[in-house]
Amino acid sequence: MKKRNLDSAPWIWRTISTVSILTTLLLLFGFGYAIKDVIFPEGDAQLGTGKQTTIPAKDSGEPTSAVNDGKIRMAVIGDSLARGTGDDEGLGFVRRAGNLLKDQGYDVQVLNNLGVNGLRTDALLNKLDEQGIRYVLQQSNFILLSIGANDLFQGGQVLQGEDMPTAETLAAALPETSKRLQEILKKVKKINPDAQIAYIGLYNPFGDVKELKEPGNAVVAAWNDAAMKVLNNEDKMTLVPTFDLFENHLGQYLSSDHFHPNGEGYEQIAVRIAQEYQAETPAEGSGK
């Protein structure tokens, strides 16, 4: 009996060693995959499915654009509106717009949602230097951008102050902020000069607050006008107007935080986005 146990010992140790090696290799593979996912983030789930979109990495470090194969490759970057905050269905305007275009016969893929709650123009300028962000934008051919509301309205915190802001205090942020918006648009254009870029214009979420209706309308109008001047000087750039959508429908289209759209509000923005895409790229339609 003792001899049989001694004979089996080498086999047992070989088995343990093999299992240890395989476990180590598996851990190394998982670590490498995690690092790759951070540097080159893969897309969000496909429209209508729970599958992940995989985009092969490029060998060259030079900016590259998505292949022009007729597919709309969408990405969104910016603040909490880009993220879809307030939408109880979690779709936001990017997935809703993608679904609308898909219903029109387009082949649509949402690569990634790069929206960050509370993001302001200065932070977005820095994020555009990140390798993973640039990679996603380079693979897109339809880029949606939402930024500026947090700069002007402090993310909706203006209602919580003791004194209501005046038109002058709201407008004080305009010069520097609108200058950064210009830099953002030009930077996105430089990252991907071939993509169609749609900037989501601002609305006044406080149009039903007596003290903020006029100053809010004034600063939003000035902001949208400044954005339009930049967009008019660039090819493949357009502004998606939202002010008129919300002006008389705040109770219907705003979420309970009185700042972000609800699902119905995001749907209205999505309709505008789909319309703008079709108007700007009629030759790349659904093949109908």
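Values as computed for the structure displayed
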{"read-out": "Within the accessible area of segment 118-245 (1.4 Å probe), percent carbon and sulfur", "value": "48"}
{"read-out": "Dipole moment magnitude, nearest 20 debye, segment 72-276 about Cα centre, only Lys, Arg, Asp, Glu C-beta charged", "value": "840"}
{"read-out": "Y106 long-range amide H proximity, modeled H, under 5 Å", "value": "none"}
{"read-out": "Between segment 73-142 and segment 181-201, the alpha-carbon center distance in angstrom", "value": "13"}
{"read-out": "Compactness index (Cα Rg / 2.2 N^0.38 Å), segment 72-276", "value": "0.96"}
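The values are calculated or read from the model by the stated rules, or taken from the named source; none is laboratory data. These numbers were taken from a predicted model, which means no experiment stands behind them. Cβ atoms come from the backbone with ideal geometry, glycine included; neighbour counts cover every protein chain shown. All accessible areas refer to the heavy atoms of the entire protein, side chains included, with ligands and DNA or RNA removed. Shrake-Rupley method; radii C 1.70, N 1.55, O 1.52, S 1.80 Å.
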